[in-house]
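Heads up, the thing below is written out as structure tokens.
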Amino acid sequence: MLRSVLPLGFLFAYTLIQAEPPKLDALFPAGGRRGETIEVEAIGKFNAWPTEIWTDHAGLTIAPAEKKRRLTISIAPDAETRPALVRLFDANGSSAAKIFVISDHPETRETEPNDNSTQAQELNATTTGIVVNGVLKKSDTDFFRIKLEKGQTLVARADAYSLGSLVDPFLTLLDPDGHEVALASDSHNLDPYFVYQAIQSGPHVLQIFAMAHPAATAIIFSGSDSAVYRLALSLGSPEPVKIQADHQEQKLADENGSRRMNAPVSVEGILSQKGEVDRYLFEAKKGSAWQFRVDAHRLGLPTDPVFALDRPNGALIKEVDDVKPTKDPGYLSSSMPQDGNYTIRIWDRFHRGGPPLRYRLAITKPEPELTAIIDKDHFVLETNATTELKLKLNRKNGHDKSLVMKIDGLPAGVSLEDANATGKAKEATLVLRASMDAPSTNLPFRLRILEKTDGNATKDSFATRSFLDSKSRGDYLVNKTEWLHLTVKPKEPKKEKEAEKTKP
């Protein structure tokens, strides 16, 4: 019988396991109060500890604690109250950036067990507000007990999707008799928000739970070890969103039920009544170009606006609902069809009305515009090798400038190649190259975009990495970043090939 025979010099195959960079899924708590120092759990996978840490917020001082997966975050008393980005990195590369929110409200954490109404955690909601940090683990739901007096107004908002948690959260409120008096799901994104005025005094129970995002076939409570949330509660009327605009709708001249305005212009409007349609008049010349934009979801408002533009004779030119990834409409008219007074109509998609249903209408002259979107926000470059930076060049309104790309402060032995794009290019692939003797390093960096006219750079901007994608359902607390990360490290040894079998 014939059989295969291995030679005496047979080399057994092996796989060299390459060390992986830190994997940061979330931070818990996902925020803190100015002037405080807190311990934060870094949720994820870390083969080595401690790691190094980067943030885009000057008011944060972050250090790894002795205990693995723990960070000490000190927040300066005068730190800007905004969401910050944090990433962990080591010699093997960087994690994705995650959100940590700086607030000026008292903060606390959920206390388990609080999985049903009898275990509800006591909270003291005040006019100044409180923020509860929690995690919705697999099949989890959290309950909180809040005492309300008749006539008091409770404002509740949960940020979970906004933080990058892969859940679709809900809030429900039960009155002292156990009846559901408020239910909230989506607002300007997947996160819930409600305002409720108590009709009786006594303890009310607030529940937070979530479904899967992206949606799953099974309708069950969803969650994970990284499904962090921030639940903000306050008593009293909600603080209105400040809208920057040239005019308020009600102060514009009324012409037969329409508000007269002169473009370019921006107007703050409100849909006060159910089914209300706001109308605006403006004069335009034949052939003129105008950009129309209605902002509501971008401003964190619940309005889902619809925009329509009519000819001077009343015939419809264009109706626009959503311009993804937002639920806000926009329209570019490159050439108005005739001289005359045009009418803009704005209404809520679901014909709702009331004080929260606000928006901003802006009419501007379109200007050439460039947005450079990079495919990743962290890169690993081995010595004596290259890595690619791929850009999408979104040009609008006739933008046709040639471009030059630069990275300031590249370490010795690292160079940027193919850093040019013609005026018609819609994509660009840049090459980072490291020499054999390039030192190991980690570098936060920004990719500068220089626009050229007649061979001279005239304007610069930065490429951005967008966190929004096809699965996004509205804005995050941070939608994009200019800050990228580069790790330069020694080239990995080649994997040894498996020896071939020989036949006798």
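The values are calculated or read from the model by the stated rules, or taken from the named source; none is laboratory data. This one's a predicted model, so the numbers in the text were calculated from it and none came from an experiment. For neighbour counting, all protein chains shown are included, and Cβ atoms are generated from backbone atoms with ideal geometry for every residue, glycine included.
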### Task
Could you look through segment 18-53, keep only residues that are basic (K, R) and in a strand (DSSP E or B), and pick out the one that is farthest from L136 (Cα to Cα)?
R33
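With the structure loaded, tell me whether T371 is part of a loop (DSSP other than H, G, I, E, B) and under 25 Å from the mean Cα position of the chain (by Cα) or whether it fails that test.
Values: part of a loop (DSSP other than H, G, I, E, B): no; under 25 Å from the mean Cα position of the chain (by Cα): yes.
Criteria not met by T371.
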### Number of the exception - T386 against (1) part of a strand (DSSP E or B); (2) outside the structural domain of R433 (by TED's automatic domain parsing)
(2)
### Query
Quick one: would you say E239 is at pLDDT 95 or above, of a type in the set (D, E, K, R) and either out of contact with any Cys (no Cβ under 8 Å at 6 or more places or on another chain) or assigned by TED's automatic domain parsing to the domain that holds S272 (or both)?
no
### Task
Out of S201, S266, S258, S272, report the one residue that is at pLDDT 95 or above, loosely packed, with under 15 Cβ neighbours inside 10 Å and outside the structural domain of D168 (by TED's automatic domain parsing).
S272
### Task
Only one of these is under 28 Å from I38 (Cα atoms) and surrounded by fewer than 22 Cβ atoms within 10 Å (Cβ to Cβ): G129, G134, G178. Name it.
G129
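What do you reckon, is L468 closer than 30 Å to R82 by Cβ, aliphatic (A, V, I, L, M) and in contact with a Leu (Cβ under 7 Å, 6 or more places away or on another chain)? Full working, then the answer.
Numbers: closer than 30 Å to R82 by Cβ: yes; aliphatic (A, V, I, L, M): yes; in contact with a Leu (Cβ under 7 Å, 6 or more places away or on another chain): no.
Here the answer is no, as L468 does not meet what is asked.
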### Query
When R279 is evaluated against the numbered criteria (1) surrounded by fewer than 20 Cβ atoms within 10 Å (Cβ to Cβ); (2) in a loop (DSSP other than H, G, I, E, B); (3) not assigned by TED's automatic domain parsing to the domain that holds N189, which criterion, by number, is the only one it fails?
(2)
### Task
Mind listing whichever residues of segment 409-421 are under 31 Å from the mean Cα position of the chain (by Cα) and either of a type in the set (F, W, Y) or outside any strand (DSSP E or B) (or both)?
G409, L410, P411, D418, A419
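Got a number for residues in segment 438-454 being part of a loop (DSSP other than H, G, I, E, B) and at pLDDT 95 or above? Walk me through how you get there before you give the answer.
Just the residues of segment 438-454 that are part of a loop (DSSP other than H, G, I, E, B), to begin with: 438-440, 446, 454.
From what is left, the residues that are at pLDDT 95 or above are 438-440, 446.
Count: 4.
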### Task
Kindly provide the set of residues from segment 204-227 that are surrounded by 14 or more Cβ atoms within 10 Å (Cβ to Cβ), of a type in the set (S, T, Y) and more than 20 Å from the chain's Cα centre (by Cα), ordered by number.
S222
### Residues being charged (D, E, K, R) and in contact (Cβ under 8 Å) with a residue 24 or more places away in the chain - total across segment 206-264
4
### Summary
Log entry, pairs with first residue in segment 330-355 being closer than 16 Å to F292 by Cα, second being among the β-branched types (V, I, T) and modelled with pLDDT under 95, beta carbons closer than 8 Å, six or more apart or on different chains, reads G330/V323
### Query
Hey, does segment 189-197 have a residue that's of a type in the set (D, E, K, R) and more than 25 Å from the chain's Cα centre (by Cα)?
no
### Task
State the number of residues belonging to segment 87-99 that are surrounded by 23 or more Cβ atoms within 10 Å (Cβ to Cβ), closer than 27 Å to S440 by Cα and among the hydrophobic types (A, V, I, L, M, F, W, C).
2
### Task
Only residues in segment 60-86 that are surrounded by 14 or more Cβ atoms within 10 Å (Cβ to Cβ) count as the first member; pair them with residues that are of a type in the set (F, W, Y) and outside any strand (DSSP E or B), Cβ under 8 angstrom, at least 6 apart or cross-chain, and list the lot.
P64/W49; R69/F46; R69/W49; L85/W483
### Message
If the requirement is being farther than 30 Å from I99 by Cα and modelled with pLDDT of 95 or more, which of these qualifies: A457, A434, A463?
### Response
A434
## Note on the structure
Residue hits (segment 109-123; touching a residue at least 12 places away in the same chain (Cβ under 8 Å), under 29 Å from I75 (Cα atoms) and surrounded by fewer than 17 Cβ atoms within 10 Å (Cβ to Cβ)) are R109, E122
